[in-house]
Amino acid sequence: MNKISKVLIANRGEIALRIIRACKELEITSVAIFSEADVEGLWVRKADECYPILGDVIQAYLNYETIISMAKKANCDAIHPGYGFLSENADFAKACEENGIIFIGPKPEHIALFGDKMASKVAMKEVGVPILEGTNEPIEDKKEAKKIASQIGYPIIIKAAFGGGGRGMRIVRQEKEFDSMFDTATNEALKFFGNGQVFIEKYVENPRHIEVQIIADKYGNVVHLGERDCSIQRRHQKVIEISPSPRLNQEVRKELYRIATKAMFKLGYESVGTVEFLVDENDNIFFIEMNTRVQVEHPVTEITSGIDIIQRMIEIADGDKMKYMQEEINFRGYAIEFRINAENPQKNFMPSVGTIEKYLTPNGPGVRLDSAAYTGYKVPANYDSMIGKLIVWALDWEGTVKKARRALDEFVLEGFPTNIELHREIVRDEDFKEGNLTTSYLDTKMDKFK
Ligand code: ADP
């Protein structure tokens, strides 16, 4: 007997809409919340019920006491946190439980463990996952840190232990840069994550970022839904994601799946999650972090595997057994996701704000658009600049690249600068077409794209 019949969505924008759609298909009542800046949000209109959160617009989606009491008042039996905001807040997950509300996500202890990058490296190493050489506990003493850095050997990377979104990371190539980089990383960690703890790790030159999507139920069944290549990044933040990786040795691919599923089984993980790896030029594999939430880039996996990740996430939280076992999951074709951001690539990617004056979206075979935008929508300046995701699919890589070109060319979004033109240039680039992608791809190409 399932308990979940009404879900509060503790998020906004495209992911709120995506969760509402999953709820509708599962015949679950959806409840949207919105800040004073989001009165015009499309998800507010599409949900079965909606409630405002008054006051500070930035804090609105973070204020978990208010959100939990709203869920209780509205008789919701579960909360879906989406990504960002409260999605990786172990205290929130615990507070939901304590208030008799199902948190649609992993157990609080797993959220807490993987929220700490150092602790997660230690835990993953214990279950046989290869990690990068580095410090596995916080280092405050700069002299000591410098000594360790030279033992590891430059280049190294200094990372915020509780970091995310590409922030709080500094690459150090020579010893003489160490002191100032250490200070910057520590200050940034404190500013953005409220905790100045940093650690040191060997820096991998020109790696690919490959991540494995996992689904695990409460009964020890763990499956993978293939990998995503998220090497196209700007400032360590993903811009384009591809599934499967267009150039990955089949042996390496199998090994990534094996390592990721085994680790999640051994650690007793539940819900959906993503195990992120770097793969170096010699195909060595290194775990970097685990994300305990649904990711922005989940649609490429949904398309190639045919599995609705959000729906399965809700069912698993409700105590259902895994619906599709590994042998029932078949992968087909290639999918590419383009993050559509309200930002100006010509002006150092400065976030742009404004009203969408003209909006003609791509369509047709093999095209999916996850967005909460519409003509006349005023993009609030208070949140993330991502206004949608264009996803394309075809049976072979070449066809998928051609489809991407066609779909991006069809996209009309007027009113403020976006990165659509940059995407159009990327899909015409030879290295992109060849699938020659590493995490330095975009940085090295930016001059050419301007
Ligand atoms: P965040 O949680 O901020 O997303 P991650 O640890 O997932 O940070 O790393 C984000 C990106 O930063 C990676 O995809 C990669 O491009 C780069 N990166 C992180 N660690 C290393 C490393 N040790 N060597 C090289 N690049 C790295």
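The values are calculated or read from the model by the stated rules, or taken from the named source; none is laboratory data. All of these numbers come straight from a predicted model, not from anything done at the bench. Note: ideal-geometry Cβ built from the backbone for every residue, glycine included; neighbour counts use all protein chains shown.
Answer yes or no as to whether Glu276 is modelled with pLDDT of 95 or more, more than 21 Å from the chain's Cα centre (by Cα) and part of a strand (DSSP E or B).
So Glu276 fails the test.
If you go through the stretch 213-224 one residue at a time, do you hit one that is crowded, with 16+ Cβ neighbours inside 10 Å, among the small types (Gly, Ala, Ser), at pLDDT 95 or above and within 15 Å of the ligand (Cβ to nearest atom)?
There is no residue in the stretch 213-224 that is crowded, with 16+ Cβ neighbours inside 10 Å, among the small types (Gly, Ala, Ser), at pLDDT 95 or above and within 15 Å of the ligand (Cβ to nearest atom).
Condition first: surrounded by fewer than 23 Cβ atoms within 10 Å (Cβ to Cβ) and assigned to a strand (DSSP E or B). Now tell me which residues in the stretch 279-307 satisfy that.
Correct list: Ile285, Phe286, Phe287, Ile288, Glu289, Asn291.
Consider Gly196 against the criteria (1) without any contact (Cβ under 8 Å) to a residue 40 or more places away in the chain; (2) away from the ligand (no atom under 14 Å from the Cβ); (3) within 22 Å of the chain's Cα centre (by Cα): it satisfies all of them except one. Which criterion is unmet?
That leaves (3) as the condition not met.
In the stretch 425-448, how many residues are more than 16 Å from the ligand (Cβ to nearest atom), over 19 Å from Ser243 (Cα atoms) and under 25 Å from the mean Cα position of the chain (by Cα)?
Going through the stretch 425-448 one residue at a time, the tally reaches 1.
Which condition from (1) under 12 Å from the mean Cα position of the chain (by Cα); (2) within 22 Å of Ile20 (Cα to Cα) is the one that Val239 breaks?
Of everything listed in (1) under 12 Å from the mean Cα position of the chain (by Cα); (2) within 22 Å of Ile20 (Cα to Cα), Val239 misses just condition (2).
Restricting to the stretch 23-40, name every residue that is in contact (Cβ under 8 Å) with a residue 60 or more places away in the chain and either buried (at least 22 other Cβ atoms within 10 Å of the Cβ) or in the same structural domain as Tyr374 (by the TED database) (or both).
Those that are in contact (Cβ under 8 Å) with a residue 60 or more places away in the chain and either buried (at least 22 other Cβ atoms within 10 Å of the Cβ) or in the same structural domain as Tyr374 (by the TED database) (or both): Cys23, Ile28, Ser35, Asp38.
Give the residue that is surrounded by the most Cβ atoms within 10 Å (Cβ to Cβ), with candidates limited to residues of the stretch 111-150 that are part of a helix (DSSP H, G or I) and away from the ligand (no atom under 16 Å from the Cβ).
Top of the filtered list is Lys146.
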